[in-house]
Amino acid sequence: MIYVSREHLRPRNVRAVVFDTRWRGLDPAQVHGYLALVADELDRLQRELITANTEAERIRQALRQWQSRQTRRGPGRFGAPNNRWSR
C-alpha cells in the first residue's frame with residue numbers, strides 16, 4: 001500500500017512500495033518497471049545534488065580564503081581600492 005509521509009522521497013522507498021491488487025488493475029510488471037526508472041532517476045539526482053553541494057562548499061571556502069588574503073594585504077600598491085562597485 002502507498003502511504004504519504006513527511007520524509008524525503010528516497011530511491012529505496014520507491015523500490016519498496018507495494019500496491020494493492022484489484023481485478024483488472026494495472027500490470028504489475030509495468031508498474032514495477034516504471035518505479036525502477038523513477039528510483040534510478042532519484043538516485044542520479046541525489047548524487048548530482050551531493051556533487052553540486054560539495055563543489056559549492058569548495059568555492060565558498062576558496063572565496064573566504066581569498067577575501068581573508070585581500071583583507072590582510074590592505075590597499076593595493078596603487079592606492080585605495082576603486083569604490084566604483086561598492087554602491
Item to check | Contour minus Cα-Cα distance for ARG60 and HIS8 (0.36 nm per residue) | outcome: 16.1 nm
Checklist entry - Which net charge results for the neighbourhood of ALA62, defined as the other residues with beta-carbon distances under 12 angstrom from its beta-carbon, given Lys and Arg at +1 and Asp and Glu at -1? => result +2
Checklist outcome for this item: Distance in nm between GLU48 and VAL31 label points, each 7 Å along Cα→Cβ, equals 2.8
Checklist entry - So how far apart, in nm, are the two label points at ALA16 and GLU41 if each is 7 Å from Cα heading toward Cβ? => result 2.2
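Computed from the coordinates by the stated procedures, all read-outs in this text should not be read as laboratory data. Bear in mind that the values here come from a model prediction, so they are computed numbers and not experimental data. Note that we place each Cβ from the backbone using ideal geometry, even for glycine, and neighbour counts take in every protein chain shown.
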